[in-house]
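Only one structure is covered here, and it is reproduced in the block below.
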Amino acid sequence: MESESIKVMNQDMVKLDRFDGNNFSRWQDKMMFLLTTLKISYILNPNLQPIEDPKPSADGKQPTEEEIEEIKKQKAKREEDEVLCRSHILNTLSDRLYDLFTRIKSAREIWNALEFKYKAEEEGTNKYLIAKYLEYKMVDDKSVLEQVHELEVLVNKIHVLKIVLPESFQVAAIIAKLPSTWKDYSKKLMHKTEDISLEQLQKNLRIEEESRIRDSKNPVESDCKVHTVEKNESLVKNVNLQVKKSGQHFKKKNF
């Protein structure tokens, strides 16, 4: 009873989402952790040998009752662990996958079948996600920070597939992907001698984007200032011209 309660407690510690065909590696890692915690992951070992009945020794001596009883206990334990392992795997599958794999009686065969099917699909997903990340191009009509967030989501999905992109690589990639109107700012960042972190880069981009937004909100005010200056300059010119013309009427003639 004590061992059963420990198993239930350990199972509660590892709550698994039901596997529906997505993120196989993540599900597999969590599943293996659970089975290891329950001390039944050995059932999936491809090198696991069957438990054989005791045989007479070389001198013809028959096995004792204790030896026979011990083998029976080992077999019973193995059968129990096989059932538990199979049940835990099936119970974390979606209804569709449960119906598909429940006909397989061996836990190891179910495990291998899942791995064969979804590892291959995941490898294709790896290539797709990496290509999507490399081909991603930022546009001018969308927030730069929002687009950086989209890149971070892609990176997280790639990390789930156990592919690590160094932070320095991500920083350089984001700078290179900045939209065309950020070309000068991108060059400025590229020519910085010190390395910057992702957090620092996002902070810099936020400040720059907010500055650009403020400038874009005040084009009328700026135009008004320009027009006012031009108008004042025009008025001054007109006044000077009128003064010159007026002065001509009062110019004295020499007799």
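Read-outs: derived from the displayed coordinates by stated rules, not from any lab. Because the structure is a prediction, the values reported are computed rather than measured. Here Cβ is always computed from backbone atoms with ideal geometry, including for glycine, and neighbour counts include all displayed protein chains.
The slack in the chain from L134 to S168, taken as 0.36 nm per residue of separation less the alpha-carbon distance, amounts to 10.7 nm. Inter-label distance, D29 to E115: 1.7 nm, where each label sits 7 Å from its Cα along the C-beta direction. Sites listed here are trypsin sites (Lys or Arg not before Pro) in the stretch 50-125 whose DSSP assignment is loop and whose Cβ has at most 13 other Cβ atoms within 10 Å: K61, R103, K105.
When the C-alpha to C-alpha distance is required to be over 26 Å, the pairs from K142/K188; K127/K187; K39/K157; K39/K127; K39/K75; K127/K203 that qualify are K127/K187; K39/K157; K39/K127; K127/K203. Amide H contacts for L93 (H built 1.01 Å from N in the peptide plane; partners 5 or more residues away or on another chain; cut-off under 5 Å): F19. Karplus-derived 3J(HN,Hα) values for the stretch 23-30, using 6.51 cos²θ - 1.76 cosθ + 1.60 with θ = phi - 60°, are 6, 4, 4, 5, 4, 4, 5, 5 Hz; glycine and proline are entered as x. Between D53 and R96, the FRET efficiency estimated from the beta carbon spacing at R0 = 45 angstrom works out to 0.65. The order of W111, W27, going from fewest to most other C-beta atoms within 10 Å of their C-beta, is W27, W111. Stretching H159 away from A76 to a fully extended chain increases their span by 25.8 nm, per 0.36 nm per residue minus the current alpha-carbon distance.
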